[in-house]
1. Which ones in the stretch 226-266 are in contact (Cβ under 8 Å) with a residue 24 or more places away in the chain and part of a loop (DSSP other than H, G, I, E, B)?
2. Within the stretch 198-215, identify whether any single residue is at pLDDT below 95, assigned to a loop (DSSP other than H, G, I, E, B) and crowded, with 19+ Cβ neighbours inside 10 Å, and answer yes or no.
3. On the basis of being out of contact with any helix residue (DSSP H, G or I) (no Cβ under 6 Å at 6 or more places or on another chain) and modelled with pLDDT of 95 or more, does residue 384 make the cut?
4. Determine which member of the set 305, 292 is touching a residue at least 12 places away in the same chain (Cβ under 8 Å), closer than 30 Å to residue 155 by Cβ, crowded, with 18+ Cβ neighbours inside 10 Å and touching a strand residue (DSSP E or B) at 6+ places or on another chain (Cβ under 7 Å).
5. Here is a list of conditions, (1) modelled with pLDDT of 95 or more; (2) surrounded by fewer than 18 Cβ atoms within 10 Å (Cβ to Cβ); (3) touching a helix residue (DSSP H, G or I) at 6+ places or on another chain (Cβ under 7 Å), and residue 247 meets all of them except one; can you say which number that is?
6. Taking the stretch 7-43 as the region of interest, how many residues are without any contact (Cβ under 8 Å) to a residue 24 or more places away in the chain and assigned to a loop (DSSP other than H, G, I, E, B)?
7. Could you run through the stretch 139-161 and say how many residues are in contact with a strand residue (DSSP E or B) (Cβ under 8 Å, 6 or more places away or on another chain), farther than 30 Å from residue 99 by Cα and either buried (at least 21 other Cβ atoms within 10 Å of the Cβ) or without any contact (Cβ under 8 Å) to a residue 60 or more places away in the chain (or both)?
8. Give me the residue from the stretch 352-379 that is touching a strand residue (DSSP E or B) at 6+ places or on another chain (Cβ under 6 Å) and more than 20 Å from residue 404 (Cβ to Cβ) and, out of that set, surrounded by the fewest Cβ atoms within 10 Å (Cβ to Cβ).
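The values are calculated or read from the model by the stated rules, or taken from the named source; none is laboratory data. Keep in mind it's a predicted model, so treat the numbers as computed, not measured. All Cβ positions, glycine included, derive from the backbone under ideal geometry; neighbour counts span all protein chains shown.
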């Protein structure tokens, strides 16, 4: 890397010019890792960029696949940036002395339910990781219909192919930015955490990373080809538009999003389809050979990859239950997968939450806590290196440890835009110090440190991130007994 006021790096496709920050670190924003997915490439597998010769200005975030925010009110500031070249990534590097050796790399995949989200969020800035000797890469990928709807005339799981293409770019280029391609950890939150689990189950991603970190990972269940085909049929039935690449290729962004909204609406014709993840990675029998959780819990997928995973205590608890005219509690809880004979145990276990929070807690357990716990238990039974956590610190704003609240602590960005609104005026810096330190240790050493032992079948040691972080033995026993027994 050229040590100038405007640092220059030559990638395999061409030179990029970044910017040096006040702390001495360097960032390169909006670097294309594939050609813009437009025209004939809109629903194609990602194609490497055309080479260029003049330095590319990499001082501003590139276009995002998100055209509309996930909701009117979101926790994470996630800007939508117009433009066609959405398959781009950002590199944050300490700009180390080339003689000092290459540094470990954290590759970050944003969340957003596979239909939204943005790598340009200030919550994903790599400054604190750079300070601690880690290169951070954040990436954008195709979302919603463009990334995940099963279409005739197009390869399946286009968004997954984007993740792989970005990881291949990291393999081929990151050493030029001071990163070690042999020391890559892939990480993500929510849909991004599901992406991490998916990549563990994808043979084509094998060898592109050495460790994995799944934060509140969300994986579609069931996720076989029959579910994907059912979603495609529902799309056509609701919109009158064939689920084919030819029929959708020339539609404008707003037209496509309007169709996508209709696919996501509730209704009795959704039987057998997830209420939340109609558009998500699925086992297509080729790129993803078998359902992700089956591959990770029953097979050998990811067996040699150290995995840190966990969730917040109250991910979706703020989601209200239907009003008084809605279904009775047992039926309502059954809609998220709770067996009728477990309803009493569930309502007793969470009696302190109050009736208004029961549905949200059931959604939290069914979507995040129980699946992650099942994965941790399965890996522990086979002695695969695994670390489990629960983020339990409750924001004074919402009186909960809700979805996304853990991110500014892990990234050590408590002064970032939007954190005060989520975490209050005095979020505990000591918690951020401890959590960020564990992440740095995991990326650097494939182990979060001596104070956090592995999750094993005999002990089930779980890190509880709270004002006073602590390791507890099997604190999620009730979740296992209610949802997994």
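1. 242, 243, 249, 265
2. Going through the stretch 198-215, the residues at pLDDT below 95 turn out to be none.
For the stretch 198-215, residues at pLDDT below 95, assigned to a loop (DSSP other than H, G, I, E, B) and crowded, with 19+ Cβ neighbours inside 10 Å: absent.
3. Values: out of contact with any helix residue (DSSP H, G or I) (no Cβ under 6 Å at 6 or more places or on another chain): yes; modelled with pLDDT of 95 or more: yes.
Taking the combined requirement at face value, the residue satisfies it.
4. Numbers: 292 fails: touching a strand residue (DSSP E or B) at 6+ places or on another chain (Cβ under 7 Å).
Exactly one of 305, 292 is touching a residue at least 12 places away in the same chain (Cβ under 8 Å), closer than 30 Å to residue 155 by Cβ, crowded, with 18+ Cβ neighbours inside 10 Å and touching a strand residue (DSSP E or B) at 6+ places or on another chain (Cβ under 7 Å), namely 305.
5. (3)
6. Restricting attention to the stretch 7-43, the residues satisfying the condition of being without any contact (Cβ under 8 Å) to a residue 24 or more places away in the chain are 22, 41.
Right, trim to assigned to a loop (DSSP other than H, G, I, E, B) and you get 22.
So the count comes out to 1.
7. Count: 3.
8. Applying the first criterion (touching a strand residue (DSSP E or B) at 6+ places or on another chain (Cβ under 6 Å)) to the stretch 352-379 yields 368-369, 372, 376, 379.
Checking which are more than 20 Å from residue 404 (Cβ to Cβ) leaves us with 376, 379.
On the way: 376: 27, 379: 25.
So, considering only residues that are touching a strand residue (DSSP E or B) at 6+ places or on another chain (Cβ under 6 Å) and more than 20 Å from residue 404 (Cβ to Cβ), the one surrounded by the fewest Cβ atoms within 10 Å (Cβ to Cβ) is 379.
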